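Asks: Here it is, the structure in full.
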Amino acid sequence: MYTTGIPTCDQLREVAFTGNVIPQNWYRIFVKSDLKHPKPHLLAINILADIVYWYRPREIRDEGTGQIIGYQKKFRDDLLQRSYSQIAEQFGCSSGQAKDAIVFLEEMGVVRREFRTLRSNGMVYANVLYLALDVERLKTLTYPCGEISPDGCPEESDGASDEISDTPVSEFRGGCAEISTDPYSKFPQTNTEITTKTSTEISIHPSSRGEDVADGLTDTQTAEQVISEITDAQRIPYAYSQSPKKMQAAIRWLCEYDFYMEHPCDKTDLKTVDRFDNFVLLVNSLVSMATKAGTQTYSGEQTDACAVIDAINAASVCCGCGSLSEMLFSALDDFTDALASTHIKNYAGYAKAVLWSSLNSYRVKLNTELAVI
């Protein structure tokens, strides 16, 4: 039996790693040139490796002979469909960081964004993001000296391999800074203290491929099911308080979350990083409020998840797509104004207090308008 003389190396010989592959020289090619000391754009590199993984075809082998008889794509459509929020969830960054990384790859010429309008189950989804990969440009950047053998594979060197096989994609965290579970940590500590017993954490299954072990549905399938249910019932059911995944899909539908993630400047000003991140925080906080067990206190008022759901239903008449957007952006304006004039210690708690006040104010406004009509 052959051995390297090192047990660790011998043991790894038996392990077949799968997932993304990152050529070593990507760290020299994909760099942030706008920095004083340019450094590798780690998030963009990891995202590109994932895109390449999806575009690498599967082999189809003959069951009897074992010979390769064809190749098969891994995704459904002619291009890979991804949203900034999906990328952000997979790599542990903000949607803004995900968008910046994709734009960087597009400027490098390896990725091209394409926006399409889709129809599914009678619903229309505008500006759905697809990512195209320019293989020729990728090969030119990866092997600038034509270091490709006749069979299309990079030449092996005498030293270490030029490719690094990382962990499976579902466990890979990328190189971008993690989003803190304490989003107000970047603000200075002051004498102004606003406290609640709430949290912005949402307990959703962390599968990067969008699979939920509990119900066997992908994120897309869950969203389609939720949209069908709430549009038929014209309200969010109380049962969603027990399913953060369904509640998230419902609230994102009501506030057109995916649209704003793809085009933050189209309908309103989300172009600043702080305003963009605050929008995401408010959406996630609302999901947390509607799924939090037990009694909670917002702005000095005791309430629970069912009362929050009632307020959401009242503010989003008939639960149509985007019906909660006006209320949410009103809350975003109030939240932004407060941050500009007040030093806040409990950033997350204040976000929920603003949301609760906005929900109640918006409900009164709607009732007044309906009474006039």
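The values are calculated or read from the model by the stated rules, or taken from the named source; none is laboratory data. Treat the numbers as computed from the prediction; the structure is a model and nothing was measured. Because the Cβ atoms are built from the backbone with ideal geometry, glycine has one as well, and the counts that use them run over all protein chains shown.
Asks: Given the criteria among the hydrophobic types (A, V, I, L, M, F, W, C), farther than 18 Å from residue 134 by Cβ and in contact with a Lys or Arg (Cβ under 9 Å, 6 or more places away or on another chain), does residue 60 qualify?
Replies: It is false that residue 60 is among the hydrophobic types (A, V, I, L, M, F, W, C), farther than 18 Å from residue 134 by Cβ and in contact with a Lys or Arg (Cβ under 9 Å, 6 or more places away or on another chain).
Asks: Which condition number does residue 51 fail, the rest of (1) loosely packed, with under 15 Cβ neighbours inside 10 Å; (2) touching a Lys or Arg at 6+ places or on another chain (Cβ under 9 Å) being met?
Replies: All conditions pass for residue 51, except number (1).
Asks: Restricting attention to the stretch 317-329, and to residues there that are part of a helix (DSSP H, G or I) and surrounded by fewer than 18 Cβ atoms within 10 Å (Cβ to Cβ), which single residue is modelled with the lowest pLDDT?
Replies: Checking each candidate, the answer is 318.
Asks: Mind checking which residues of the stretch 294-316 are surrounded by fewer than 13 Cβ atoms within 10 Å (Cβ to Cβ) and touching a residue at least 40 places away in the same chain (Cβ under 8 Å)?
Replies: Selection gives 301, 306.
Asks: While we're on this one: Condition check: among the charged types (D, E, K, R), touching a Phe, Trp or Tyr at 6+ places or on another chain (Cβ under 6 Å) and surrounded by fewer than 17 Cβ atoms within 10 Å (Cβ to Cβ). Does residue 74 satisfy that?
Replies: So residue 74 fits the description; yes.
Asks: With the requirement that a residue be of a type in the set (A, V, I, L, M) and free of Cβ contacts under 8 Å to residues at least 40 places away in the same chain, what does the stretch 15-65 give you?
Replies: Of everything in the stretch 15-65, those that are of a type in the set (A, V, I, L, M) and free of Cβ contacts under 8 Å to residues at least 40 places away in the same chain turn out to be 15, 16, 31, 35, 60.
Asks: Turning to a different aspect of this structure: Which one of the conditions (1) crowded, with 23+ Cβ neighbours inside 10 Å; (2) at pLDDT below 85; (3) small (Gly, Ala, Ser) does residue 285 fail to meet, given that it meets all the rest?
Replies: It fails just one condition, (2).
Asks: Under 6 Å between Cβ atoms, at least 6 apart or on separate chains: pull out the pairs that start in the stretch 215-236 with a residue that is without any contact (Cβ under 8 Å) to a residue 40 or more places away in the chain and of a type in the set (S, T, N, Q) and end on any residue that is surrounded by fewer than 19 Cβ atoms within 10 Å (Cβ to Cβ) and not in a helix (DSSP H, G or I).
Replies: 218/210; 218/211
Asks: Also, quick follow-up: Cβ-Cβ distance below 6 Å, separation of 6 or more or different chains: which pairs start in the stretch 318-344 with a residue that is free of Cβ contacts under 8 Å to residues at least 40 places away in the same chain and end on one that is in a helix (DSSP H, G or I) and surrounded by 18 or more Cβ atoms within 10 Å (Cβ to Cβ)?
Replies: Every condition considered, the pairs that remain are 327/315; 327/358; 327/362; 330/358; 334/354.
Asks: Residue 8 passes all but one of (1) under 16 Å from residue 131 (Cβ atoms); (2) assigned to a helix (DSSP H, G or I); which number fails?
Replies: Of the numbered conditions (1) under 16 Å from residue 131 (Cβ atoms); (2) assigned to a helix (DSSP H, G or I), the odd one out for residue 8 is (1).
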